[in-house]
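*Asks:* The following block contains the structure, expressed as C-alpha cells.
The numbers here are math on the coordinates, done by the rules we state, and not lab data. As the structure is a computational prediction, the values presented were derived from the model and not from experiment. Positions of Cβ are backbone-derived with ideal geometry, glycine not excepted, and every protein chain shown enters the neighbour counts.
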Amino acid sequence: MVTSTFVAGTSDFQSNARIEAFANHLRNLIVFLYPDEYALKRYDVAAHHFLSGQDPYTLWLGRRPPLSSSLRAAKARADKELAHLTVQRIAGTPPSKAWPMRALAEELRQLFDVFISAADPNRLGAQARRAVPDQPL
C-alpha cells in the first residue's frame, strides 16, 4: 500500500526533477546561443557551427539579439543550483525560488526562431530542417 507520505515525496521528487531538467537544458541552450558570453570548451557545439559563410561566428553574433538580463540571471542561478554546491542556494520555498519557466521558454523559442532562420539546413538534422522556412531562390 502506498502511503500519502510516499506519494507526496514522489510528487516532490518528480517536480524537482522536472525543474532540474529544465534548468540544466536552459543552461546548455544559453551557452549554445551565446558562445561570446560563455566560453566554449574545445569540443563544444554552438549555434554558429550550424551557419554557413566565410565567418559564421560573426554572422551569428550579428543576427541574434543581446543576451537578456532574465536569461543571464537564469543561467547564473542554474550554475549555482545545479553545477556546484554553494551557500547562495535559495533556502526554503519563497516565491523567488519559483522558476519562470514559461517566460524563459518563450525567450528561448524566439531565439531559436532567429537561429532556425539563420542556420544552413544542410547542417541540421531532419527534424530541425523541417522547421527552416522556405528560402526564396
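*Asks:* Length gain on complete extension for the stretch residue 82 to residue 44, per 0.36 nm per residue less the alpha carbon to alpha carbon distance? Present the calculation step by step, with values, prior to reporting the outcome.
*Replies:* Details: separation 38, 0.36 × 38 = 13.68 nm, distance 1.92 nm.
Contour length minus the Cα-Cα distance gives 11.8 nm.
*Asks:* List the residues whose amide H sits under 5 Å from the amide H of residue 34, counting only those 5 or more places along or on another chain, with H placed 1.01 Å from N in the peptide plane.
*Replies:* Amide H neighbours of residue 34, under 5 Å, 5+ apart: none.
*Asks:* With θ set to phi - 60° and the Karplus curve 6.51 cos²θ - 1.76 cosθ + 1.60, what are the ³J(HN,Hα) couplings of segment 42-59 in order, to the nearest whole Hz, using x for Gly and Pro?
*Replies:* With coefficients 6.51, -1.76 and 1.60, one gets 3, 9, 5, 10, 9, 3, 5, 5, 9, 9, 10, x, 5, 9, x, 4, 5, 4 Hz.
*Asks:* Using a simple spin-label model with points 7 Å from Cα along the Cα→Cβ vector, what separation in nm is obtained for residue 122 and residue 69?
*Replies:* 4.3
*Asks:* Moving on. Report the calculated FRET efficiency for residue 103 and residue 59 (r = Cβ-Cβ distance, R0 = 25 Å), to the nearest 0.05.
*Replies:* For R0 = 25 Å, the calculated efficiency reads 0.35.
*Asks:* I would also like to ask the following. Return the distance in nm (one decimal) between the two label points of a simple spin-label model at residue 22 and residue 36, each offset 7 Å from Cα along Cα→Cβ.
*Replies:* Label-label distance for residue 22 and residue 36, simple model: 3.0 nm.
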